[in-house]
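The values are calculated or read from the model by the stated rules, or taken from the named source; none is laboratory data. Not measured: the values here are computed from a predicted model. Quick reminder, even Gly has a Cβ in these numbers, built from the backbone with ideal geometry, and neighbours come from all protein chains shown. Only protein heavy atoms, including side chains, enter the accessible area calculation; ligands, DNA and RNA are left aside. Shrake-Rupley method; radii C 1.70, N 1.55, O 1.52, S 1.80 Å.
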Amino acid sequence: MTSSKPTLSEHWQSLLEFDQQHIWHPYAKMPADTPAIGVAKTQGSIITLADGTELVDGMSSWWATLHGYNHPKIQQAMHEQIDTMPHIMFGGLTHEPAIELSKRLVKLTPEGLDKVFMVDSGSVAMEVAIKMALQYWGSKEQPNKNRLLTVRNGYHGDTFATMAVCDPVNGMHSLFSEVLTQHYFAPAPQMGFEIESNNEDINALKAMLEQHHQNIAAVTIEPIVQGAGGMRFYRPDYLKQLRQLCNEFDILLIADEIATGFGRTGKLFACEWAGITPDIMALGKTLTGGHISLAATLATSDVSDTISQGTPGLLMHGPTFMGNPLACAAAIANIDVLMNSPWQDNIQRIEEHFKETLLPLKELDGVADARVLGAIGVIELERNDLGPQVQAKSIENGIWLRPFGKLVYTMPAYNISQQNLTTLTNGISKAIQKV
Ligand SMILES: *Cc1c(COP(=O)(O)O)cnc(C)c1O
C-alpha cells in the first residue's frame, strides 16, 4: 500500500526539530509535546504547509487578516513605504502615514474619539488605555479612583496590567496573584445577542458601582463579543446601560475593540450596536488586516484635556516603534480596502452560511452550544480536552482551525469565496462528528 500522506523535506524536518527544541509558541511547552506545523506560504484564504498541503484558513490568524493573506493593495502600500521610510522615531518627528491613518481612525470610530495614541500590540494598547484612565483621575486629584471594574470571561491581553482584568479563572491569575493589582469583577453579561434579559447581570454590576465607585477609575469591556475569554456574545442593551451607569457614577468606559473592530460583528465597531461612544477605545489585531503588528488607543478630548491640565500634564508613555510608518501604511491600505469593499454584504453572507451549517451542530452528542454572530462561528463542546483532536481532523479535512478548551471557532476573511467557505464549514462539521 502506498500512503497518500504528504511528506516533509529533510530541510523542513531539521527546521521543525530546531523549532521544537528552541522556540516558544503562544501558551506552549518548551520543548513542545508535538512540533508546530511548518507553513511555507499564504495567499488569500489559503495556507500552504511545508509539505505542500493547502488548507482553507478558518482563523484569519486570530481575527487579523480581514481580507485574506497577502492582499495586493496592502502589500503594494507596504512595498512603497519600505522604499521610502520603513521607520523613523516618533519623538518630535511625524510623517504622512501616521497622520493619514489617524485621520481615518478619528473619522471612522464612534463620534467623539478624536485623539490617537499608536502602539505595537493589542495588550499595550490596553495598557495605554488603563494608564490614560489612571492619569485622568490623578489629574482630577482623585487618586483614590485607581481600580478597574470589569466582567468575568473577559480577555484584554497578556501583560501585567491587562492580565489583571482578564477572567481570573481561565486567565490563570492565581499564578500571579501576588503581583497583580486586585480589581472588581462583575458577573459576565448574560449570553445571547438577541435575548430579552431580566438585567440580572447589569444590575449586579450596578450594585458594585454603587458600593465602590469612589475607587473605580474605569470599566473595561469587550463590546458585544467576549473573545478569548469564552467566545460569548451579549446584547447591545447591556452595553447601552453600562454607558449610562458609567456616566451616572462618574467612571470612564474603556471599550476593547481589538478583536471586534473593523466589521467582524456586522458593524464597523461593535460599540455601534449600542450607539455608544466609549471614553477610550483600543484597536489592534484587525488594524493592518493582519499584515504587520500595530495597535492604537483612541480617547475623547475630555480624557486628553483632563490629562493635559493635570500634573505632569503629559501622557506618560512612548514606545520606541510608536507610529511605525510601515505599519501605518499597511493600516491605511487595510482600511481603504475595507471601506471600498462590500464588507457588510460579505459579513451577512458568511453569517447566513454559518447559521445554516453550524447551528444544526448543536444537536450532536458532545456539543453544548453553537452560536453565530456576524462572521464569527462558535461550537462549544461539552469536553474541554478535544481541541487537539479537532485540530488534527480539521487538517485532514483541508482546513485550519485552532480550538481552545471547549471552543471550536472560526472567523474567516470577509472575502472568502463561497467554495472555500463551504469547505470550511464541511470540514468543521466532519471534524466535530468524528471527534
Ligand atoms: C488579542 C486581544 C488582545 C491582546 O492583543 P495582543 O496583540 O495579543 O497583545 C486584547 N484584547 C482583545 C479583546 C483581544 O482579542
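Relative protection proxy for 240-247, 171-178, 280-287, from highest mean packing down: 280-287, 240-247, 171-178 (other beta-carbon atoms within 10 angstrom). In a reduced charge model with +1 at each Lys and Arg Cβ and -1 at each Asp and Glu Cβ, the chain shows a dipole moment near 160 debye about its Cα centre.
Residues whose amide H falls under 5 Å from that of Arg402, counting only those 5 or more places apart or on a different chain, are Tyr409, with hydrogens built in the peptide plane. These residues, Val337, Val165, Val39, go from largest to smallest accessible area, 1.4 Å probe, as Val39, Val337, Val165. Pairs exceeding a 27 Å alpha-carbon distance, out of Lys41/Lys406; Lys115/Lys406; Lys5/Lys73; Lys5/Lys434; Lys115/Lys267; Lys29/Lys430: Lys41/Lys406; Lys115/Lys406; Lys5/Lys73; Lys29/Lys430.
Beta bridges per DSSP, both residues in the chain: antiparallel share near 65 percent. Applying a DSSP loop filter and a limit of 14 other Cβ atoms within 10 Å to the trypsin sites (Lys or Arg not before Pro) in region 343-419 leaves Arg383.
For the chain, the longest principal axis of the Cα atoms and the long axis of helix 72-84 meet at an angle of about 60 degrees. Between helix 325-339 and the chain there is an angle of about 80 degrees, using the helix long axis and the longest principal axis of the Cα atoms.
In the chain, the alpha-carbon atoms span a convex hull of 156 Å³ per residue. Across region 73-340, the mean sequence separation of Cα contacts (distance under 8 Å, 6 or more residues apart), normalised by length, yields a relative contact order of 31 percent. Using just its DSSP H runs of length 4 or more, each adding -39500 (n - 2.57), the chain gives a mean residue ellipticity at 222 nm of -11000 deg cm²/dmol after division by all residues. Computed from the alpha carbon atoms alone, the convex hull of region 220-262 holds 73 Å³ per residue.
When the chain is described by a simple charge dipole with +1 on each Lys and Arg Cβ and -1 on each Asp and Glu Cβ, the residue from Ser123, Val367, Gly138 located farthest towards its positive end is Val367.
Carbon-plus-sulfur accessible fraction, the chain (probe radius 1.4 Å, protein heavy atoms only): 52%. The GluC sites (Glu not before Pro) of region 65-154 that meet both conditions, a loop assignment by DSSP and at most 12 other Cβ atoms within 10 Å of the site Cβ, are Glu111, Glu141. Selection among Ala327, Gly405, Tyr238 by position relative to the dipole of the chain gives Gly405 as farthest towards the positive end (Cβ unit charges, Cα centre). Per residue, region 73-340 exposes an accessible area of 41 Å² to a 1.4 Å probe, with every protein chain left in place.
For region 207-313, the dipole from Cβ point charges (+1 on Lys and Arg, -1 on Asp and Glu) about the Cα centre works out to 500 debye, to the nearest 20.
For the pair region 370-435 / region 80-103, the C-alpha centres are spaced 39 Å from each other.
The long axis of helix 387-396 is offset from the longest Cα principal axis of the chain by roughly 50 degrees.
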